[in-house]
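Quick note: the coordinates plus some simple rules give every number you see, no bench work behind them. Note that this is a predicted model, so its numbers are computed, not measured. Note that each Cβ is placed from the backbone with ideal geometry, even for glycine, and that neighbours are counted across all protein chains shown.
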Amino acid sequence: MTPQDSSHAKVALVTGAGSGIGRAVALALSKHGYAVVLAGRRLAALETVAAEAGGSCLAVVADVTQEASVDTLFERVRASYGRLDLLFNNAGTGSPSAPIEDVTFEQWRSVVDTNLTGAFLCTRAAFRLMKAQSPRGGRIINNGSISAMSPRPRMVAYTASKHAITGLTKSTALEGRAYDIACGQIDIGNAATALTAPFAQGALQADLSMRPEPTMDLHHVADAVLYMASLPLDANVLEMTVMATKMPFVGRG
């Protein structure tokens, strides 16, 4: 199915769709009948996901840290599908584990620009489109982290950005009420991705020891996002935590 003949499908945009959580969620949405716009910085990776999905997918190279790139991305969505029903703000990055005094300005900016500013720019563009489309409204789901509630040591930029995502989620949910725009956040703990693969050997704990941590399959995250997305716009999951059951989070520190 091409963008032009998918006018009756719900339309979703997934940022950071080329790998990890973004890929898993994009594939699940496509499987459940969504037309999915795959956004990311690597075209080859996006096209691979589109081929895996086999449904109506549009791969768009975009850098969420750049205002003009985000505006161009949403114009592609509007021109191709005429509307947007779901935005999954997933694009994110981290920086090497380091004490606060050793974190460089460039590392801080890279994390905050991607994780926070990128989500804001996409949310702003989604509001403009969702308020103007008919029928009006839509849903925004932000990829938070359990670090939005409790930090890991030596991850100041990542932790600060995810705490800020919680503020963005709540502000978006509040402002969206008048326009039938729902916003929620999924806080994920130890989904099995390339970033968490080293946890099998050891992850830094609050007491600065290194201990192995369990992970969970990505399909559990995708299923959770699908549930949040399936609700009518008069119902909303404001915050959801999905985590590996035995990971050291409850009581962390």
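Quick look at the numbers
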| read-out | value |
| --- | --- |
| Residues of segment 234-253 classified as β-branched (Val, Ile, Thr) and in contact (Cβ under 8 Å) with a residue 40 or more places away in the chain, total | 3 |
| Subset tally (residues that are in contact (Cβ under 8 Å) with a residue 24 or more places away in the chain, out of contact with any strand residue (DSSP E or B) (no Cβ under 7 Å at 6 or more places or on another chain) and either within 21 Å of residue 116 (Cβ to Cβ) or not in a helix (DSSP H, G or I) (or both)) for segment 150-200 | 15 |
| Residue within segment 169-185 that is among the β-branched types (Val, Ile, Thr), in contact with a Leu (Cβ under 8 Å, 6 or more places away or on another chain) and over 22 Å from residue 129 (Cα atoms) present | no |
| Among the candidates 237, 242, 221, 250, residue that is assigned to a loop (DSSP other than H, G, I, E, B) and closer than 26 Å to residue 26 by Cα | 237 |
| The listed residue being touching a Phe, Trp or Tyr at 6+ places or on another chain (Cβ under 6 Å), farther than 26 Å from residue 235 by Cβ and not acidic (Asp, Glu), out of 118, 94 | 94 |
| Hits in segment 56-93 (condition: within 19 Å of residue 112 (Cβ to Cβ) and among the charged types (D, E, K, R)) | 63, 67 |
